[in-house]
Amino acid sequence: MTVFDERLERRAIQNAGETHLACVAAVDISGSMSGSIRELNEGLKLLVKSIQEDEVASGRVELSIVTFGD
């Protein structure tokens, strides 16, 4: 079991019975985004940091990032 798996298991136990929010960010990494990838990455980092720093969101938001491109 990895450290990540252990954290997920602890969080699941702590938040059993609470409403969770599944959130999927579909991220375009195709060639047309080449000039904007830095801004995209910064925005995703800010999103993750905001979720982690919020006491309620950090225990309830389940974030997945899916990339697609050329």
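Annotations
- Total residues in segment 29-70, condition among the polar types (S, T, N, Q), under 29 Å from THR19 (Cα atoms) and at pLDDT 90 or above: 4
- Among the residues of segment 20-47, just one is closer than 18 Å to GLU62 by Cβ, surrounded by fewer than 10 Cβ atoms within 10 Å (Cβ to Cβ) and touching an Asp or Glu at 6+ places or on another chain (Cβ under 8 Å), namely ALA22.
The values are calculated or read from the model by the stated rules, or taken from the named source; none is laboratory data. For clarity, every value in this text was computed on a predicted model and none was experimentally measured. Quick reminder, even Gly has a Cβ in these numbers, built from the backbone with ideal geometry, and neighbours come from all protein chains shown.
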